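Reading through the structure tokens given below for one structure.
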Amino acid sequence: MKRNLLILTLLLLLTYIVATLVIGEEKCGETKLLPLIPGFFLMLGSITMNLLKNATGNGVNLIMGIKVARLLLSILVVMVYVFLVKTNAMVFVITFGVFFLVYLGFETWMLLRWNKKKQ
């Protein structure tokens with residue numbers, strides 16, 4: 001699990017660097033809370049890994065619960081930013097969406113590996 005957490009950290013760091021270069025430093029500086037996006041997904045990954053480490057059985061219900069909770073929490077974060085902060089909301093939403101897709105790919109890969117170990 002430590003290896004997966006390291007891979008996730010490096011993947012999120014690389015995504016943040018690329019996003020910063022694409023968006024531009026000026027927009028990144030104006031967009032409040034943009035640096036917190038990688039931390040949010042790192043926290044989700046850490047929680048997911050800990051839950052899976054302690055899972056018994058095949059864990060299908062746990063995996064589905066994690067996916068639904070991640071989706072709802074992500075929607076909540078985006079909605080709070082859009083309605084409360086409002087600064088460069090579109091930049092934040094697009095960047096968050098990119099991180100969401102990267103995390104979704106990582107999580108799928110991690111869950112496939114976890115499922116193979118369980119069998």
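Sorting ARG70, ARG113 by the number of Cβ atoms found within 10 Å of their own Cβ, with the fewest placed first, yields ARG113, ARG70. On C-alpha positions alone, give me the angle between the axis of helix 2-23 and the longest principal axis of the chain, in degrees, nearest 10. The angle comes out near 20 degrees. Projecting the Cα atoms of LEU36, SER74, MET90 onto the charge dipole of segment 26-119 (Cβ charges, centred on the Cα centre) puts SER74 farthest toward the positive pole.
In the chain, the calculated helix contribution to ellipticity at 222 nm averages -28000 deg cm²/dmol per residue, counting -39,500 (n - 2.57) for every DSSP H run with n ≥ 4.
The relative contact order of segment 2-118 comes to 42 percent, based on Cα pairs under 8 Å that sit 6 or more residues apart.
Net charge dipole, the chain: roughly 660 debye, given to the nearest 20, about the Cα centre with Cβ charges of +1 for Lys and Arg and -1 for Asp and Glu. Scaled against the 2.2 N^0.38 Å expected of a compact globular protein of N residues, the Cα radius of gyration of segment 35-86 reads 1.35. For segment 1-98, what does the alpha-carbon gyration tensor say about shape, rounded, prolate or oblate, given a ≥ b ≥ c as the root eigenvalues, a/c under 1.5 as rounded, and a/b over b/c as prolate? Here segment 1-98 falls in the oblate category. The count of lysine pairs in the chain with alpha-carbon distances below 30 Å, taking only pairs 8 or more places apart or on different chains, stands at 16.
A short reminder: the numbers here are calculations on the coordinates, not readings from a lab. Because the structure is a prediction, the values reported are computed rather than measured. Here the Cβ is made from the backbone with ideal geometry for all residues, glycine too, and neighbour counts use every protein chain on show.
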